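Notes follow the structure.
The values are calculated or read from the model by the stated rules, or taken from the named source; none is laboratory data. Note that the structure is a prediction, hence the values are computed from the model and not measured. Ideal geometry is used to build each Cβ from the backbone, glycine not excepted, and the neighbour counts take in all protein chains shown. For the accessible areas, the whole protein counts, side chains as well, though only heavy atoms, and no ligand, DNA or RNA atoms are used. Shrake-Rupley method; radii C 1.70, N 1.55, O 1.52, S 1.80 Å.
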Amino acid sequence: MSAKLHSLFTTPVAVVPVADAAALNSELKAVITARRRVEAGVQRSNIGGWQSEIDMLDWGGEAARRLAALVTQACDAWTTSVDDDRSVVWRPEIWANVNVHGSSNQTHWHPGSYLSFVYYVDDGYAGSSDKALGGEIVFIDPRMPFLRMRTPALRHRGAGGQTAEQETWVRPFSGLLIGFPSFLGHSVRAYLGRSERISIAINMVARRAPGANP
């Protein structure tokens, strides 16, 4: 059978190495380390490790504000409005994560926001390329729950005939920013490094700009 395959409704994921990240990372690491000393942390998707409240803009200083500004610029660049009379402002919710040996994050989503980001302050690998250290962020095909109801081994074929996978792993590095739609399920594989892994998660909530037409 001759058929032309089309890919509909693609899911955009942006992977951005942040330029001149070393100074920013040094400042972020200092404020997160200080905050961890005085805040017990919360339990959300994290299994082990430490996670702050979503109020890092209140205590993260100038470094957190710079990161928020960078992500806001990315949101403006990666989205567009189909209605010129309806402008949007972005409200960031930011929290810090510290993963230690054995920490991971279970599969989760970020409801209520439009775009989500993770920024890696310190990947924890200490220069090692050993894949056994784990810690990759895992993006999960949003169609997967339906596909696996009765046919866990069945896959789609892509336009080039390749087998479509149901997961994509991304190995992080210090200074890496990843942006993705908040509906996209994701997890973090167990991190087995000996240094602390420090990252920052950001939810970008879209709100109608004051004075915009209803």
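To keep it simple, each residue is scored yes or no on (1) assigned to a strand (DSSP E or B); (2) touching a His at 6+ places or on another chain (Cβ under 9 Å).
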{"position": "R91", "(1), (2)": "yes, no"}
{"position": "H101", "(1), (2)": "no, no"}
{"position": "Y125", "(1), (2)": "no, no"}
{"position": "S128", "(1), (2)": "no, no"}
{"position": "V138", "(1), (2)": "yes, yes"}
{"position": "P142", "(1), (2)": "no, no"}
{"position": "F146", "(1), (2)": "no, no"}
{"position": "L177", "(1), (2)": "yes, no"}
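Would you please name the residue that is farthest from I94 (Cα to Cα), looking only at residues in segment 179-214 that are of a type in the set (S, T, N, Q) and part of a strand (DSSP E or B)? Write out each step before concluding.
First pass over segment 179-214, keeping only residues of a type in the set (S, T, N, Q): 182, 187, 195, 199, 203, 213.
Then keep just the ones that are part of a strand (DSSP E or B); that gives 187, 199, 203.
Working: S187: 18, S199: 11, N203: 7 Å.
Checking each candidate, the answer is S187.
Residues checked against (1) at pLDDT below 95; (2) β-branched (V, I, T); (3) more than 19 Å from the chain's Cα centre (by Cα):
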| residue | (1), (2), (3) |
| --- | --- |
| D122 | no, no, no |
| I140 | yes, yes, no |
| T151 | yes, yes, yes |
| R155 | yes, no, yes |
| G160 | yes, no, yes |
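Out of the residues in segment 139-170 meeting the condition of being open to solvent by 70 Å² or more (accessible area, probe 1.4 Å) and charged (D, E, K, R), tell me which one is farthest from S129 (Cα to Cα).
R150
Could you check, for segment 153-171, whether at least one of its residues is more than 30 Å from L70 (Cα to Cα), free of Cβ contacts under 8 Å to residues at least 12 places away in the same chain and among the aliphatic types (A, V, I, L, M)? Before the answer, list the steps.
First pass over segment 153-171, keeping only residues more than 30 Å from L70 (Cα to Cα): 153-166.
Next cut, free of Cβ contacts under 8 Å to residues at least 12 places away in the same chain only: 153-156, 160-163.
With the extra rule that they be among the aliphatic types (A, V, I, L, M), the set shrinks to 153-154.
Yes, that holds for at least one residue.
Output the number of residues of segment 103-138 satisfying the condition of being open to solvent by 50 Å² or more (accessible area, probe 1.4 Å) and either within 16 Å of F183 (Cβ to Cβ) or of a type in the set (A, V, I, L, M) (or both).
7
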